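Here's the structure, in structure tokens; my notes come after.
The values are calculated or read from the model by the stated rules, or taken from the named source; none is laboratory data. These figures come from a predicted structure and were not determined experimentally. Neighbour counts are summed over all protein chains in view; Cβ atoms, including those assigned to glycine, are modelled from backbone coordinates with ideal geometry. Accessible surface areas use protein heavy atoms only, side chains included; no ligands, DNA or RNA. Shrake-Rupley method; radii C 1.70, N 1.55, O 1.52, S 1.80 Å.
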Amino acid sequence: MVNKGQKSGWNLRSLNFMATLTRENKQFAIIGLGRFGRSVAASLHKMGNEVLGVDINEKLVAHALNDSIATHAICLDSTEPSALKEAGIFEFDTVIIGIGNYIQESIITTLNVKEAGVSKVVAKASTEIHGKLLEKVGADRVVFPEYEAGEALAYMLTKPAILDRFDLDPDHSIVEVLIPAEFEGKTITELQLRSLYGLTVLAIAEDDKNFDINPLPNRRLHQGMAMVVLGNNKDIKRLPI
């Protein structure tokens, strides 16, 4: 059973750079094709992954197929283990449960896929209590789309130099930031980003399409360029941006 009326405004921020980090395609099953599920499906599919979309609502399944946001899409009741097994969902690398407001169905579905042995289950929670219950039944990661969207908006409004952000966990992120004036003309070594800020530089970009992955320590930085760094959120906030 999936949520037929989700109103989450959350979406996976594109982070084109993230696509270049994907070394091999994976299989994802997304249960719940509301706005959250559709957004996740579209992003993963665009990155070249195999995506199976699932929903009890035939219209949402049809929309997913018509809009080509998933490799395949089927209609079934995810609270029925036999239906999930028959659809082959238990064989997927990762199952993402995008059921939000229907808490009972969300918890039952999470329990079904974890008991079947799926190695990684990511589940959407609508409230803190909902999230705790999902963790209790085995969800490997619980996401709070509305909260995360609000946090991302706050970053955008207060830190306009942050172009994109991808949360790895509650404490660590990968961010794409504009290089500040304080870094003008200096090399990565001179800036000592790892020792002074605790950050790892993953890439340098001069435009939106071309990234220098794992740049050399002597790479010189200039304003107008962007860099992608990995680190603790507290350390990222210390950057002069």
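Out of region 63-80, which residues are open to solvent by less than 80 Å² (accessible area, probe 1.4 Å) and either in contact with a strand residue (DSSP E or B) (Cβ under 9 Å, 6 or more places away or on another chain) or over 13 Å from Ile31 (Cα atoms) (or both)? Result: Ala64, Ser68, Ile69, Ala70, Thr71, Ala73, Ile74, Cys75, Leu76, Ser78. Of everything listed in (1) touching a strand residue (DSSP E or B) at 6+ places or on another chain (Cβ under 8 Å); (2) without any contact (Cβ under 8 Å) to a residue 40 or more places away in the chain; (3) buried (at least 20 other Cβ atoms within 10 Å of the Cβ); (4) not in a loop (DSSP other than H, G, I, E, B), the single unmet condition for Gly131 is (3).
Without any contact (Cβ under 8 Å) to a residue 24 or more places away in the chain and open to solvent by 30 Å² or more (accessible area, probe 1.4 Å), is that true of Ile108? No: the conditions fail for Ile108. Restricting attention to region 111-128, the residues being over 14 Å from Phe144 (Cα atoms) and either open to solvent by 30 Å² or more (accessible area, probe 1.4 Å) or assigned to a strand (DSSP E or B) (or both) number 8. Regarding region 192-205, can at least one residue be identified that is open to solvent by less than 30 Å² (accessible area, probe 1.4 Å), β-branched (Val, Ile, Thr) and in a loop (DSSP other than H, G, I, E, B)? No, region 192-205 contains no residue that is open to solvent by less than 30 Å² (accessible area, probe 1.4 Å), β-branched (Val, Ile, Thr) and in a loop (DSSP other than H, G, I, E, B). Scanning region 195-225 for residues that are within 12 Å of Ile179 (Cα to Cα) and more than 28 Å from the chain's Cα centre (by Cα) gives Arg220, Leu221, His222, Gln223. For region 88-105, filtering for residues that are part of a helix (DSSP H, G or I), open to solvent by 10 Å² or more (accessible area, probe 1.4 Å) and either touching a Phe, Trp or Tyr at 6+ places or on another chain (Cβ under 7 Å) or not aromatic (Phe, Trp, Tyr) (or both) leaves 4.
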